[in-house]
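**Student:** Structure incoming, see below.
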Amino acid sequence: MVGAKRFDRVAGRRALLVLLAALPAAVVTVPPPAYAIIGGESATIAQYPWMVGLASRSVYGGVRSGQFCGGVLVSPTKVVTAAHCLYDEATMQPADRPDLKVIVGRTDLSTADGEEVPVSSVWIDPDYSMHTNTWDVAVLTLAEPQSERAVLPMVGQGETAPYRAGTMATVLGWGDIRGDGDYPMDLHAVQLPLIGDATCARDYPTGGENLFQSRMMVCAGEQTTGGRDACQGDSGGPLVVAGRLVGLVSWGTGCAQPGYPGVYTRLAAMADAVRAQL
Ligand code: 4AZ
């Protein structure tokens, strides 16, 4: 049902784009895509076997396996995710989720494919602040090693080259595909360019939780047109450049709006601290 509807939407949009491509560019303005992670397309765990979901059925219900965030398998027993995924938005304190699981090997959250692996311990970056969204990284230890699954290598401490503006990155998640609470069952992926620090500093100049800080954050998206972005539910998921984990979905104003790109945890800023947990 949901899948069929989305397929129709995608097919309809393709037809529209073919039509628009035939018209003189000056006559038409192409609306931003309104489907997928946002502006992406369906993907599978076979394509991205190190992609995982964080889930709590007691808190989020069982319809979508209890999924509420993304994460990445970086070793057989370790998952990197965003610290804010492990916090309670209401209390601003670490969340109490005794049934926290890591979903591995599952593309479609309505199925029982793969496994729901218990978490034996949680490390949250000691510098993480929910008030400023800074140092938004955490490491989960799995109770059952995933020795047969592929892992994603991580960027090195202090690396800068992978973050050059215009570099194409891939973002993955099971989050909102329209920015209006439309949560898909299947994994989505989008390719988007990294945005330079000076640009993002202009996009998010104010203090508190809306201040861009290039030391431990990096932005990605379509600065002028919007249309491609991570959204609610994608948090903690990977920003991948050239086959390595360089960032985590962290925050942003709304989703896929021009001038308000997605902000990601810049993993090169804390790669050593994360590696110390592996
Ligand atoms: C969120 O609330 C969220 N557009 C994640 C990513 C973005 C915005 C919000 C980026 O989890």
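**Student:** Using only alpha carbon pairs under 8 Å that are at least six residues apart, calculate the relative contact order of the chain and give it in whole percent.
**Tutor:** 22 percent.
**Student:** So what is the 222 nm mean residue ellipticity for the chain from helices alone, if each DSSP H run of at least 4 adds -39500 (n - 2.57) and you divide by all residues, rounding to the nearest 500 deg cm²/dmol?
**Tutor:** Estimated from H runs of four or more residues: -3500 deg cm²/dmol.
**Student:** Given points 7 Å out from each Cα along the Cα-Cβ axis, report the ALA276 to ARG149 separation in nanometres with one decimal.
**Tutor:** Spacing of the two 7 Å Cα→Cβ label points: 2.6 nm.
**Student:** Calculate, in nm to one decimal, what THR199 and THR160 gain on full extension: separation in residues at 0.36 nm each, minus their alpha carbon distance. Spell out each step's value before the answer.
**Tutor:** Working: separation 39, 0.36 × 39 = 14.04 nm, distance 1.67 nm.
Additional length available on full extension: 12.4 nm.
**Student:** Under 18 Å from a label point 7 Å along Cα→Cβ of ASP113: give me every residue in segment 135-151 with its amide N that close.
**Tutor:** 148-151
**Student:** For segment 161-167, in order, what is each residue's ³J(HN,Hα) by Karplus, 6.51 cos²θ - 1.76 cosθ + 1.60 with θ = phi - 60°, in whole Hz (x at glycine and Pro)?
**Tutor:** 4, x, 9, 4, 4, x, 4
**Student:** Also, I was wondering about something else. If each of GLN93 and ASN210 carries a label point 7 Å out from its Cα toward its Cβ, how far apart are those two points in nm?
**Tutor:** Inter-label distance under the simple model: 2.9 nm.
**Student:** For the chain, what is the accessible area per residue in Å², given a 1.4 Å probe and the full set of protein chains?
**Tutor:** Values: 12140 Å² over 278 residues.
Spelled out: the 1.4 Å probe surface of the chain, per residue, equals 44 Å².
**Student:** Same structure, new question: Would you list THR170, THR111, THR91 from the most to the least accessible area, probe 1.4 Å? Don't jump to the answer; show the numbers that get you there.
**Tutor:** On the way: THR170 20, THR111 45, THR91 80 Å².
Highest to lowest solvent-accessible surface, that is THR91, THR111, THR170.
**Student:** What whole-number volume per residue, in cubic angstrom, does the convex hull of the C-alpha atoms of segment 147-262 give? Show your work: numbers first, answer last.
**Tutor:** On the way: hull volume 13.1 nm³, N = 116.
So the per-residue Cα hull volume is 113 Å³.
**Student:** Expected output is a single nm value to one decimal: the length gained when fully extending between THR141 and THR224, i.e. 0.36 nm times separation in residues minus the C-alpha distance. What is it?
**Tutor:** Working: separation 83, 0.36 × 83 = 29.88 nm, distance 3.96 nm.
Length difference between fully extended and current span is 25.9 nm.
**Student:** Carbon and sulfur atoms: what percent of the 1.4 Å accessible area of the chain do they account for?
**Tutor:** On the way: 6670 of 12140 Å².
The value for the chain is 55 percent carbon and sulfur by accessible area.
The values are calculated or read from the model by the stated rules, or taken from the named source; none is laboratory data. All values derive from a computational prediction rather than experimental measurement. Glycine also receives a Cβ, built like all others from the backbone with ideal geometry; neighbour counts cover every protein chain displayed. Ligands, DNA and RNA are excluded from the accessible area calculation, which covers all protein heavy atoms including side chains. Shrake-Rupley method; radii C 1.70, N 1.55, O 1.52, S 1.80 Å.
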